[in-house]
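Asks: Could you have a look at this structure, given as structure tokens, before my questions?
The values are calculated or read from the model by the stated rules, or taken from the named source; none is laboratory data. None of the values given here were measured: they were computed from a predicted structure. Counting neighbours? That spans all protein chains shown, and the Cβs are built from the backbone with ideal geometry, glycine included.
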Amino acid sequence: MKKTPILAAALGSVLLVAGLAACTVDVSDDPATPTPEVSAASTQDQLQAEQQDPTGACIDGQAVVAATDETVSFPEGCATVSILGTGATIELGPVEHLVIENDGNTVTAESVAQIDSIGHGNTVTYGGDAEAQVTDHGHDNTFTKQ
């Protein structure tokens, strides 16, 4: 009984597989496909551009007011205004949704449809035709319709 043809066939198969594996192409090393370089500066610029302006500028219907112990006037109003500052006096035009996330602010708005507060010790006075829908998860807040 000859084992040479079986051994030769097995050895040939191993060599064929090894030869094919050596012929594969790694696309990641292909110089025709350049890898884009991202610098830390461009990533930081992009992140800053995506963040809301904390001075109250209304961007895409949202404004963020992060004033602390300052007076801010924003007569144009905005669809949604978030108050992040503390101890500020804030005067707003018409607002659909007012969110108060900090403490000790005095807010006056031309009109407000909805108020959500998690802050403490805030005073909100608003005008408009209807009572605002108020959700108060803080304490010592006052909400008064003029």
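Asks: Tell me, which strands (runs of 3 or more DSSP E) lie completely within the range 71-119 with 1 or more residues that are at pLDDT 95 or above and closer than 17 Å to residue 61 by Cα? Spell out how you get there, then give the answer.
Replies: Numbers: elements: 71-74, 78-83, 89-100, 106-117.
The strands (runs of 3 or more DSSP E) meeting that bar are 78-83, 89-100, 106-117.
Asks: Please state which one of 101, 96 is among the charged types (D, E, K, R) and farther than 21 Å from residue 129 by Cα.
Replies: After applying the criteria, what remains is 101.
Asks: Restricting the search to the range 120-136, which residues are in a loop (DSSP other than H, G, I, E, B) and more than 26 Å from the chain's Cα centre (by Cα)? Even if it seems obvious, please write down each step before you answer.
Replies: Here is the first cut: in the range 120-136, the residues in a loop (DSSP other than H, G, I, E, B) are 121-122, 127-132.
Selection gives 121, 127, 128, 129, 130, 131, 132.
Asks: Out of curiosity, is residue 132 surrounded by 18 or more Cβ atoms within 10 Å (Cβ to Cβ), without any contact (Cβ under 8 Å) to a residue 40 or more places away in the chain, more than 19 Å from residue 73 (Cα to Cα) and of a type in the set (Gly, Ala, Ser)?
Replies: Working: surrounded by 18 or more Cβ atoms within 10 Å (Cβ to Cβ): yes; without any contact (Cβ under 8 Å) to a residue 40 or more places away in the chain: yes; more than 19 Å from residue 73 (Cα to Cα): yes; of a type in the set (Gly, Ala, Ser): yes.
Yes, satisfied.
Asks: Here's something else I'd like to know. Quick one: in the range 52-70, which of the residues that are polar (S, T, N, Q) and at pLDDT 50 or above is surrounded by the most Cβ atoms within 10 Å (Cβ to Cβ)?
Replies: Applying the first criterion (polar (S, T, N, Q)) to the range 52-70 yields 52, 55, 62, 68.
Next, from what is left, pick out any that are at pLDDT 50 or above: 55, 62, 68.
On the way: 55: 12, 62: 16, 68: 12.
For the range 52-70, the residue satisfying everything is 62.
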